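Visitor: Got a structure for you, questions after.
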Amino acid sequence: MYAQQVETGTKTVKSLDEMGAEERAFQEKIDAEIKIEAKNWMPDNYRKTLIRQISQHAHSEIVGMLPEGNWVTRAPTLKRKLQLMAKIQDEAGHGLYLYSAMETLGADRDEEIEKLHSGRAKYSSIFNYPTLNWADMGAVGWLVDGAAIVNQVPLQRTSYGPYSRAMIRVCKEESFHQRQGYEILLHMMRHGNQAQKDMVQDAINRLWWPSLMMFGPSDADSPNSAQSMAWKIKRHTNDELRQRFIDQTIPQLELLGCTVPDPDLKWNEERGHYDFGEIQWEEFYEVLKGNGPCNRERLETRRNATQEGAWVRKAAVAHANKKQKQQAAA
Amino acid sequence: MSEWTLFEVFIRSKHGLNHKHVGSVHAADAEMAIENARDLYTRRNEGVSIWVMPSALITATATDEKEPLFDPSEDKVYRHASFYELPDEVGHM
């Protein structure tokens, strides 16, 4: 999931009888699957939760460009380089669609980005892991974008109209990302030498567990899920989505001829799902706290980009003002 | 506060269709808003024409006006063709 542990500001979900007239009308609309739009009345916590979730989602897209940007100059062929650049440009686009949706709630983009840069806003834990070899580009596309798709497909039906519409656009573009990633890995496994095949397995070994962590804590430790689901911001629990991702990914893994670093992974005929081992949640919480392998580097890169680009933004404003004066004088 | 202006973006997806609202962009001026909208909203042949306008210039109906504005049209069934029952001999009209 691109948004993890989004605080909802509520301890218990209210029943319809406990709500005032406005809130009740709002909840009834949600229950009837009527989208909430920017100008509609909404509870303050619904607005704040959405701003947190959508901004976190947007920040994830933007920070998510960094591990891939690392490989633009190192892509093995021009074709791969073009594909990678197109994918990174999409990530920027997705971030911007989301910031645009967030702004309809009255949030200011620059202020929210400042919260990211000062460490007050989160982004997905996954982007705090390094991309060490070319196969990581394949594994990121296949696993990370794959996990993102599993999360984002149901978000197309999320209760807030602008968020839902942004997700529809994102999902249309995202399947290219996953397919190009899987194709990179398949090509290495089918046509690569032993060292290249080893790279693929190494990338999967490092990214498998962090990809599963993307869905957030297990349901038992997810205190905000109930409210987010009552508001239909979230449509499925973290564990449901994680299971869905594993079930659809393992056959693809087998086709590659690779394994995942989980001795407990096996098909459970009775459940009709794969069983899997315990996730190391301490690692997840450490990464969220800022202590993952690349947290500091990612934020520093973002802050530098903003600072180093400041003169460009100022120059653009100065140029726009000058043009406006010239037009007024003419 | 934002350094740049927020613009709403409208795109005509193909000739003969209306421009449709797709989202917003930030830009220093309208010309740059067009360029940004092109990069953001038309990466896969989504449009043949773009309009942008500063978000602040849009006047919209308020939520609490919904009933007085739109309810009056609900009880005017005679504005619809299906209200008029004609004998079968008339054929398609």
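Visitor: Would you kindly calculate the translational diffusion coefficient of segment A:1-128, applying Stokes-Einstein with the Kirkwood radius from alpha carbon pairs, for 25 °C and a viscosity of 0.890 mPa s, and quote it in µm² s⁻¹ without decimals? Mind dumping the intermediate values first?
Guide: Numbers: Rh = 16.7 Å.
Estimated via Stokes-Einstein, D reaches 147 µm²/s.
Visitor: What distance in nm lies between label points placed 7 Å from Cα along the C-beta direction at residue A:271 and residue A:219?
Guide: 1.2
Visitor: State in Å² the accessible area per residue of segment A:175-267; use a 1.4 Å probe, count heavy atoms of protein chains only, and round to the nearest integer.
Guide: On the way: 4100 Å² over 93 residues.
It amounts to 44 Å² per residue over segment A:175-267.
Visitor: Can you give me the distance in nm between label points at residue B:81 and residue A:12, each placed 7 Å from the Cα along the Cα-to-Cβ direction?
Guide: Using points 7 Å along Cα→Cβ, the separation is 5.7 nm.
Visitor: Go ahead and run the numbers for FRET between residue B:17 and residue A:29, Cβ-Cβ distance against an R0 of 22 Å, rounding to 0.05.
Guide: Details: r = 30 Å, r/R0 = 1.37.
According to the calculation, E is roughly 0.15.
Visitor: Could you give the dipole magnitude of chain A about its Cα centre, charging the beta-carbon of Lys and Arg +1 and that of Asp and Glu -1, in debye to the nearest 20? Before the final figure, lay out the partial values.
Guide: Details: 43 positive and 45 negative charges, 351 e Å.
Here chain A has a charge dipole of around 1680 debye.
Visitor: Same structure, new question: What is the sum of charges around residue A:19, taking Lys and Arg as +1, Asp and Glu as -1, for the other residues whose C-beta is under 15 Å from the C-beta of residue A:19?
Guide: Values: positive: A:14, A:24, A:29; negative: A:17, A:18, A:22, A:23, A:28, A:31, A:44.
Result for the neighbourhood of residue A:19: -4.
Visitor: Right, another one. Using 1/(1 + (r/R0)^6) with R0 = 60 angstrom and r between the beta carbons of residue A:239 and residue B:92, what's the FRET efficiency to the nearest 0.05? Each step should come with its number before you reach the end.
Guide: Numbers: r = 57 Å, r/R0 = 0.95.
Rounded to the nearest 0.05, the efficiency is 0.55.
Visitor: Note every residue of segment B:1-21 with a reduction of at least 30 square angstrom in accessible area, all protein chains present versus the isolated chain, computed with a 1.4 Å probe, or write none.
Guide: Residues of segment B:1-21 that lose at least 30 Å² of accessible area once the other chains are added: B:1, B:2, B:3, B:4.
Visitor: Please give me, ordered by residue number, the GluC sites (Glu not before Pro) of segment A:49-153 that lie in loop per DSSP and have at most 14 other Cβ atoms within 10 Å.
Guide: Details: sites: A:61, A:68, A:91, A:103, A:111, A:112, A:114; in loops: none.
Qualifying residues, ordered by number: none.
Visitor: What accessible area per residue, rounded to a whole number of Å², is obtained for segment B:5-83 using a probe radius of 1.4 Å?
Guide: Working: 5450 Å² over 79 residues.
Here the residues of segment B:5-83 average 69 Å² of exposed surface.
Visitor: Okay, next question. Report the longest stretch of chain A that contains none of the trypsin sites (Lys or Arg not before Pro) sitting in a DSSP loop with at most 13 other Cβ atoms within 10 Å. Write out the running numbers ahead of the final one.
Guide: Working: sites that count: A:11, A:39, A:120, A:157, A:271.
With trypsin sites (Lys or Arg not before Pro) excluded where exposed in loops, chain A gives A:158-270 as its longest stretch.
Visitor: Tell me the label-point distance for the pair residue B:55, residue A:323, using the 7 Å Cα-to-Cβ offset, in nm and rounded to one decimal.
Guide: Label-label distance for residue B:55 and residue A:323, simple model: 2.1 nm.
Visitor: I would also like to ask the following. Assuming R0 = 25 Å, what is the FRET efficiency of residue A:45 and residue B:65, from their Cβ-Cβ distance, to the nearest 0.05? If you can, show how the numbers build up before the last one.
Guide: Values: r = 26 Å, r/R0 = 1.05.
Once rounded, the FRET efficiency stands at 0.45.
Visitor: Counting other C-beta atoms within 10 Å, and keeping those with at most 12, which DSSP coil trypsin sites (Lys or Arg not before Pro) do you find in segment B:15-50? Could the numbers behind the result be given before it?
Guide: On the way: sites: B:20, B:38, B:43, B:44; in loops: B:43, B:44.
Filter output for segment B:15-50: B:44.
Visitor: Moving on. Nearest 500 deg cm²/dmol is fine: what mean residue ellipticity at 222 nm does chain B get from its DSSP H runs of n ≥ 4 alone, each adding -39,500 (n - 2.57), divided by its residue count?
Guide: Details: 2 runs with 17 residues, N = 93.
When only DSSP H runs of four or more count, the value is -5000 deg cm²/dmol.
Visitor: Round to a whole number: what % of the accessible area of segment A:150-244 belongs to carbon and sulfur, probe 1.4 Å?
Guide: Details: 1920 of 3640 Å².
Percent of accessible area from carbon and sulfur atoms in segment A:150-244: 53.
Visitor: Another question, if that's okay. Kindly provide the Kirkwood hydrodynamic radius of segment B:5-83 in Å, to one decimal, from all pairs of distinct alpha carbon atoms.
Guide: Numbers: mean 1/r = 0.0670 Å⁻¹.
14.9 Å is the Kirkwood radius here.
Visitor: Could you report segment A:82-148's accessible area per residue, 1.4 Å probe, as an integer in Å²? Please list the in-between numbers first.
Guide: Values: 1810 Å² over 67 residues.
Per-residue accessible area for segment A:82-148 comes out at 27 Å².
Visitor: Right, next: Taking the 0 to 90 degree range and rounding to the nearest ten, how far is the long axis of helix B:30-41 tilted relative to the main principal axis of chain B, both from C-alpha atoms?
Guide: 70
Visitor: Ok, one more. With a 1.4 Å probe on protein heavy atoms only, work out how much accessible surface B and A bury together, total over both chains, in Å² to the nearest 100. Please report the intermediate quantities before stating the final value.
Guide: Details: alone 8000 and 16160 Å², together 22300 Å².
Result for this pair: about 1900 Å² buried.
Visitor: Next question. Looking at the square roots a ≥ b ≥ c of the eigenvalues of the Cα gyration tensor of chain A, which shape do they give, rounded for a/c under 1.5, prolate if a/b is larger than b/c, or oblate? Please list the in-between numbers first.
Guide: Numbers: a/c = 1.97, a/b = 1.12, b/c = 1.75.
Oblate is the answer for chain A, as a/c is 1.5 or above yet b/c matches or exceeds a/b.
Visitor: Follow-up question, since we're still on this one. Considering only the other residues whose Cβ falls under 12 Å of the Cβ of residue A:45, what net charge follows from Lys and Arg at +1 and Asp and Glu at -1? The partial results should precede the final answer.
Guide: Details: positive: A:11, A:14, A:47, A:48, A:52; negative: A:7, A:23, A:44.
Summing Lys/Arg as +1 and Asp/Glu as -1 gives +2.
The values are calculated or read from the model by the stated rules, or taken from the named source; none is laboratory data. Note that the structure is a prediction, hence the values are computed from the model and not measured. All Cβ positions, glycine included, derive from the backbone under ideal geometry; neighbour counts span all protein chains shown. Keep in mind that these areas ignore ligands, DNA and RNA; they rest on the heavy atoms of the full protein, side chains included. Shrake-Rupley method; radii C 1.70, N 1.55, O 1.52, S 1.80 Å.
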